[in-house]
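The values are calculated or read from the model by the stated rules, or taken from the named source; none is laboratory data. As the structure is a prediction and not an experimental result, all values here were calculated from the model. Cβ atoms come from the backbone with ideal geometry, glycine included; neighbour counts cover every protein chain shown. Remember, those area values only see protein heavy atoms, side chains included, never the ligands or the DNA or RNA. Shrake-Rupley method; radii C 1.70, N 1.55, O 1.52, S 1.80 Å.
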Amino acid sequence: MLTRVGGPLEVLDLELDPPGPGELLVKVGATGLCHSDLSVIDGSRVRPLPMLLGHEAAGEVVETGPGASDFAVGDRVVLSFVPACGSCRRCVSGRQALCEPGAAANREGTLLGGERRLRLPDGTRPHHHLGVSGFAEYAVVSEKSATLVPADLPFEIAALFGCAVLTGAGAAFYSAAVAPGDRVAVFGLGGVGLAALLAARAAGAARIIAVDVVAHKRELARRLGATDDVAGGPDAVEEVRSLTGGGADKVIDTTGVAAVLEQAYLATAAGGTTVTVGLPHPDRTITLPALSLVAEERTLKGSYLGSCVPRRDVPRFVELYRAGRLPVQELLSGRLGLDDINTGFTRLAAGEAVRQVVVL
Ligand SMILES: NC(=O)c1ccc[n+]([C@@H]2O[C@H](COP(=O)([O-])OP(=O)(O)OC[C@H]3O[C@@H](n4cnc5c(N)ncnc54)[C@H](O)[C@@H]3O)[C@@H](O)[C@H]2O)c1
Ligand SMILES: [Zn+2]
Ligand SMILES: [Zn+2]
């Protein structure tokens, strides 16, 4: 439970209403710690508070609300951070990551139906985080936030598919459309960046240059298939350009640092695509050489939820994982109890951890 910006999370007992129409009660098995949770804590992602955080979760359906028909009690589900209504203009165009009522609910800190199901002892209602609020033993969610996963997939692995894997792998497969033989650079090697790296490898990239300020993350990236690594900082652009003979075909920025997005653009080749998934503070702006966009036919793209459709892509990516072609278990760098959550976020902020999960 978050009560104030910049403060530690407080672990509290809350009341949870039963699931309403189209909602599920999920017994949470595991929830990952993402930088986007940290950004709510430090105020760079402005959300209504207090809020129960955690948006990358997996669990088991224990009760279905009236009219909830997509799942049965006992189903294992992964929860992703954009509820997709399925019927708005964007959903019907295949842009579920941009679902309009989903985005509105996420901004307001409610479930898709506009309700808040959490209650403090004094009767006030904390906000939901991105329709999930997974740092708790139980969650009431819209069934539109959930995707069925195989019963034998461990919760701590399944959870990663809800954010890091959808976002990172989707950024590589769909937003950057990494093709066989591509030279790819990934800036930022957290859970999202390493998932992008794994997908770039699965898509047949010939070179993968891993960029981070933290040396042990570059070493991990090498073990996961990076062909080169570069220390993040002012020289990174030149190093990527010289390793690729003039820039990488596809560059994926996952740092959340606007200045690094500029570097990612400058490290991209003529004809190439720069994709960013980073979520910098809303005040940040970037400056780019305008001419290059046209004269070099460049593409600069944002990617939310990896442009994925969770119910299409979670099963696809789980299959790749089970075939050994997307070894997302390598992203898991620690398991925590709910009481250790602040230590986990301190580690994430310090660059010591990749993907930690709270196991419930
Ligand atoms: N677009 C989406 O749908 C979506 C989804 C999830 C997360 N995010 C955002 O993506 C970003 C990454 O999330 P994460 O959980 O992987 O974070 P993370 O903190 O685990 O990873 C970020 C990495 O960037 C590295 N970095 C920082 N400064 C750098 C620099 N100057 N050069 C190179 N590397 C640098 C850090 O060392 C770290 O390894 C965050 O901004 C997060 O909010 C976006
Ligand atoms: Zn996330
Ligand atoms: Zn929609």
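Only residues that are acidic (Asp, Glu) and within 11 Å of ligand 2 (Cβ to nearest atom): list them for segment 26-51, please.
Initially, segment 26-51 is screened for residues acidic (Asp, Glu), giving 37, 42.
Once the filter is applied, which keeps residues that are acidic (Asp, Glu) and within 11 Å of ligand 2 (Cβ to nearest atom), segment 26-51 yields only 37.
Among the residues of segment 106-113, are any closer than 25 Å to residue 38 by Cβ, within 16 Å of ligand 1 (Cβ to nearest atom), surrounded by 18 or more Cβ atoms within 10 Å (Cβ to Cβ) and without any contact (Cβ under 8 Å) to a residue 40 or more places away in the chain?
Initial filter on segment 106-113 (closer than 25 Å to residue 38 by Cβ): 106-112.
Then keep just the ones that are within 16 Å of ligand 1 (Cβ to nearest atom); that gives 106-107.
Filter again for surrounded by 18 or more Cβ atoms within 10 Å (Cβ to Cβ), leaving 106.
Those still in the list that are without any contact (Cβ under 8 Å) to a residue 40 or more places away in the chain too: 106.
Yes - at least one qualifying residue is present in segment 106-113.
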Filtered residues of segment 144-156 (kept if open to solvent by 10 Å² or more (accessible area, probe 1.4 Å) and in contact with a Gly (Cβ under 9 Å, 6 or more places away or on another chain)): 144, 151, 154, 155, 156
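Among 62, 40, which is the only one that is more than 16 Å from ligand 1 (Cβ to nearest atom), β-branched (Val, Ile, Thr), under 30 Å from residue 333 (Cβ atoms) and in contact (Cβ under 8 Å) with a residue 60 or more places away in the chain?
Values: 40 fails: more than 16 Å from ligand 1 (Cβ to nearest atom).
Among 62, 40, only 62 is more than 16 Å from ligand 1 (Cβ to nearest atom), β-branched (Val, Ile, Thr), under 30 Å from residue 333 (Cβ atoms) and in contact (Cβ under 8 Å) with a residue 60 or more places away in the chain.
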Just name the residue that is surrounded by the most Cβ atoms within 10 Å (Cβ to Cβ) out of those in segment 215-236 that are over 15 Å from residue 190 (Cα atoms) and among the charged types (D, E, K, R). 228
Residue 338: passes all of (1) farther than 23 Å from residue 135 by Cβ; (2) touching a residue at least 12 places away in the same chain (Cβ under 8 Å) but (1)
Taking the stated definitions as given, is residue 126 open to solvent by less than 40 Å² (accessible area, probe 1.4 Å), within 16 Å of ligand 2 (Cβ to nearest atom) and within 23 Å of the chain's Cα centre (by Cα)? no
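Residue check: is residue 176 at pLDDT 95 or above and out of contact with any Leu (no Cβ under 8 Å at 6 or more places or on another chain)? Quick ask: steps written out before the conclusion?
Details: at pLDDT 95 or above: yes; out of contact with any Leu (no Cβ under 8 Å at 6 or more places or on another chain): yes.
Yes, satisfied.
Can you find a residue that is more than 17 Å from residue 16 (Cβ to Cβ), hydroxyl-bearing (Ser, Thr, Tyr), out of contact with any Cys (no Cβ under 8 Å at 6 or more places or on another chain) and open to solvent by less than 10 Å² (accessible area, probe 1.4 Å) anywhere in segment 175-195? Give the derivation first.
Within segment 175-195, the subset more than 17 Å from residue 16 (Cβ to Cβ) is 175-195.
Pick out the ones that are also hydroxyl-bearing (Ser, Thr, Tyr) and you get 175.
From what's left, out of contact with any Cys (no Cβ under 8 Å at 6 or more places or on another chain): 175.
Among the residues that remain, those that are also open to solvent by less than 10 Å² (accessible area, probe 1.4 Å) are: 175.
Yes, the conditions are met somewhere in segment 175-195.
From the list 97, 164, 172, 159, pick out the single residue that is farther than 14 Å from residue 17 by Cα, within 16 Å of ligand 3 (Cβ to nearest atom) and buried (at least 22 other Cβ atoms within 10 Å of the Cβ). Full working, then the answer.
Values: 164 fails: within 16 Å of ligand 3 (Cβ to nearest atom); 172 fails: within 16 Å of ligand 3 (Cβ to nearest atom); 159 fails: within 16 Å of ligand 3 (Cβ to nearest atom).
Result of the check over 97, 164, 172, 159: 97.
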Go through the residues of segment 204-214 one by one and say whether even a single one is touching a residue at least 60 places away in the same chain (Cβ under 8 Å), surrounded by fewer than 23 Cβ atoms within 10 Å (Cβ to Cβ), farther than 21 Å from residue 328 by Cα and within 16 Å of ligand 1 (Cβ to nearest atom). yes
Are there strands (runs of 3 or more DSSP E) fully within segment 259-360 with at least 2 residues that are open to solvent by 30 Å² or more (accessible area, probe 1.4 Å) and under 30 Å from residue 8 (Cα atoms)? List them. 332-336
For segment 71-88, give me the residue count where each residue is within 17 Å of residue 312 (Cα to Cα) and either without any contact (Cβ under 8 Å) to a residue 24 or more places away in the chain or open to solvent by 10 Å² or more (accessible area, probe 1.4 Å) (or both). 7
Test: residue 68 is open to solvent by less than 40 Å² (accessible area, probe 1.4 Å), at pLDDT 95 or above and either within 14 Å of residue 24 (Cα to Cα) or not β-branched (Val, Ile, Thr) (or both): no
Taking first residues from segment 181-199 that are in contact (Cβ under 8 Å) with a residue 40 or more places away in the chain and within 12 Å of residue 212 (Cβ to Cβ) and second residues anywhere that are within 13 Å of ligand 2 (Cβ to nearest atom) and in a strand (DSSP E or B), the pairs with Cβ under 8 Å that are 6 or more apart or on different chains are 190/355
Within segment 215-229, residues being touching a residue at least 40 places away in the same chain (Cβ under 8 Å) and of a type in the set (Val, Ile, Thr) number 0
Residues in segment 68-94 that are in contact with a strand residue (DSSP E or B) (Cβ under 9 Å, 6 or more places away or on another chain) and away from ligand 3 (no atom under 16 Å from the Cβ): how many? 10
